[in-house]
Amino acid sequence: MEQFFPYKAGIQAQQDERHEEAFDIFCQLSFKGDYRAQFQMAQYFAVGVTDYIEADPVFAVLWADLANSRKKSVKRQRFIDTTKATLTDEQHKVFITLLPRFLQSVPTGQRIDMQFEPLDLNKLYQEYQKAREPQEYTGSRIKRDKPPINVNSINF
């Protein structure tokens, strides 16, 4: 049975090198509070996505800091320290200005896929295919369970 979880779909898109799709999935999950997706956003902003988003180290650190604010991780902290070291003085000032508002306005610390029931994609696909099969009709498509209302008015 195939199970679909949003975060796993983002990881699969990443592995298939469909980075625009993965970024969109992680973006939606990030604003809902998924700390894993927030760290993925940080990594995308660190390097950018060709012809989609430009690299922005300030947003990379903001997302990583947010992801690490409730669920601490050595990996995320190392990423934050490394990326902060590359910030210019101006970028660091922007980061300091944006961080409190960012932490207040975007939730974090959750795993969104644990809040949803998994879908059985095979079953849904079979139902979809069944709905698309042509219907078989015998005789007229009009149901004639009852005679038309005006049949009594006809004299034979």
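Values in this text are rule-based calculations from the coordinates and carry no lab data. Predicted model only: the values in this text are computed from it and were never measured. As a convention, Cβ positions derive from the backbone with ideal geometry for all residues, glycine included, and neighbour counts pool all protein chains shown.
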TODO: Arrange Arg18, Arg76 by Cβ neighbour counts within 10 Å, fewest through most, would you?
DONE: Arg18, Arg76
- [ ] Report the relative contact order of the range 6-133, percent, no decimals, based on alpha-carbon pairs under 8 angstrom and at least 6 residues apart.
- [x] 25 percent
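Work out the length of the dipole vector of the range 6-133 about its Cα centre, built from +1 on the beta-carbon of each Lys and Arg and -1 on the beta-carbon of each Asp and Glu, and round it to the nearest 20 debye. Before the final figure, lay out the partial values.
Details: 17 positive and 18 negative charges, 145 e Å.
In total the dipole reaches around 700 debye.
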TODO: Tell me which residues come under 5 Å, amide H to amide H, from Ile53 once H is placed; ignore anything under 5 positions away on its chain.
DONE: none
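Which pairs in the list Lys8/Lys72; Lys8/Lys130; Lys72/Lys93; Lys8/Lys93 are over 26 Å apart, alpha-carbon to alpha-carbon?
Result: Lys8/Lys130; Lys8/Lys93 exceed 26 Å.
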TODO: Counting other beta carbons within 10 Å of each Cβ, put Lys130, Lys123, Lys32 in order, fewest first.
DONE: Lys130, Lys123, Lys32
Task: Stretch gain in nm, segment Gln43-Gln129, where the contour uses 0.36 nm per residue and the Cα spacing is subtracted - done: 27.1 nm
Task: Length released on extending from Ala55 to Thr97, taking residue separation times 0.36 nm less the Cα-Cα span - done: 13.2 nm
